[in-house]
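The values are calculated or read from the model by the stated rules, or taken from the named source; none is laboratory data. None of the values given here were measured: they were computed from a predicted structure. Here the Cβ is made from the backbone with ideal geometry for all residues, glycine too, and neighbour counts use every protein chain on show. Surface areas here come from the heavy atoms of the whole protein model, side chains and all, with no ligands, DNA or RNA. Shrake-Rupley method; radii C 1.70, N 1.55, O 1.52, S 1.80 Å.
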Amino acid sequence: MGKLNLILLLCSIAITISSIPFGHANISQEPKAVEQWFQKLSHTKPKLTKLHFYFHDIVSGKNPTAVPIAQANSTSHSPTSFGLLAVLDDRLTIGPEINSTTIGRAQGIVGTASLDEFSLLMSLNFVFTNGKYNGSTLSLLGRNTVLNEYREMPIVGGSGVFRLARGVATAKTYFLSNSSGDTIVEYNVVVLHY
């Protein structure tokens with residue numbers, strides 16, 4: 001009887017979640033609407049959007065937003081932590097303060113990917129949950145040489161307002177706690193989209 005109750009509970013959660021409206025309010029994600037959007041695309045000029053926000057990467061305390069999920073046997077012996085993978089769900093905020101307004105989340109996977117220097121392979125979605133871009137996303141896939149002052153990474157796509165986005169994200173460490181490892185990173189993003 002326990003399995004049946006669990007299945008019924010999961011089904012009711014799935015039905016409830018499917019009734020919640022996700023996505024940008026003005027952009028339909030239904031297949032026919034997406035097809036119509038693409039048909040109009042040839043007559044549309046790309047828009048340029050500039051975004052500025054802060055990324056709060058919390059690895060310490062009771063509620064970390066970035067956690068390791070796997071590592072190679074040799075990771076603990078590597079000066080660059082080569083082979084470490086982490087998943088994250090970091091807050092994106094208007095300002096660098098911990099109590100600044102949240103505009104979204106950075107969700108994805110990062111891995112240490114260099115034997116010679118501390119650099120990350122980042123596969124992230126910037127998921128906007130507040131404000132003008134609520135329900136839209138930008139996808140970042142690139143190399144982050146975290147010890148450099150400025151790091152440039154490509155924006156390779158998006159959804160909602162940012163359909164077919166392409167652009168550049170520039171990151172700069174705003175704050176790094178040597179004791180906890182918690183980090184605040186300033187992002188400037190420039191994207192073309194339709």
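For the range 77-140, give the percent of accessible area contributed by carbon and sulfur heavy atoms, probe 1.4 Å, rounded to a whole number. Before the final figure, lay out the partial values.
Numbers: 1780 of 3030 Å².
Its accessible area is 59 percent carbon and sulfur atoms.
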* Asked: Can you list the lysines whose alpha carbon sits under 21 Å from that of K132, skipping same-chain ones fewer than 8 residues off?
  -> K45, K47, K50
* Place the peptides 142-149, 49-56, 37-44, 60-67 in order of packing, highest mean first, counting for every residue the other Cβ atoms within 10 Å and averaging per peptide. => 49-56, 142-149, 60-67, 37-44
* Asked: Can you give the helix-only mean residue ellipticity at 222 nm for the chain, where every DSSP H stretch with n ≥ 4 adds -39500 (n - 2.57) and the sum goes over all residues, rounded to the nearest 500 deg cm²/dmol?
  -> -4500 deg cm²/dmol
* To do: State in Å² the accessible area per residue of the range 32-187; use a 1.4 Å probe, count heavy atoms of protein chains only, and round to the nearest integer.
  => 56 Å²
* Which residues in the range 49-93 place their backbone N less than 18 Å from a point set 7 Å from the Cα of F175 along the Cα-to-Cβ direction? -> 53-66, 90-93
* Set of lysines with alpha-carbon distance to K62 below 28 Å, sequence-local pairs under 8 removed -> K172
* To do: Compute the distance in nm between two label points, each set 7 Å from the Cα along the Cα-to-Cβ direction, one at R166 and one at V190.
  => 1.6 nm
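What is the extension gain from H52 to S114, computed as 0.36 nm multiplied by their sequence separation minus the C-alpha to C-alpha distance, in nm to one decimal?
Details: separation 62, 0.36 × 62 = 22.32 nm, distance 2.83 nm.
Fully extending the segment from H52 to S114 adds 19.5 nm.
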* Asked: How many nm is it between the label spots at Q29 and E97, if each spot is 7 Å from the Cα in line with the beta carbon?
  -> 3.3 nm
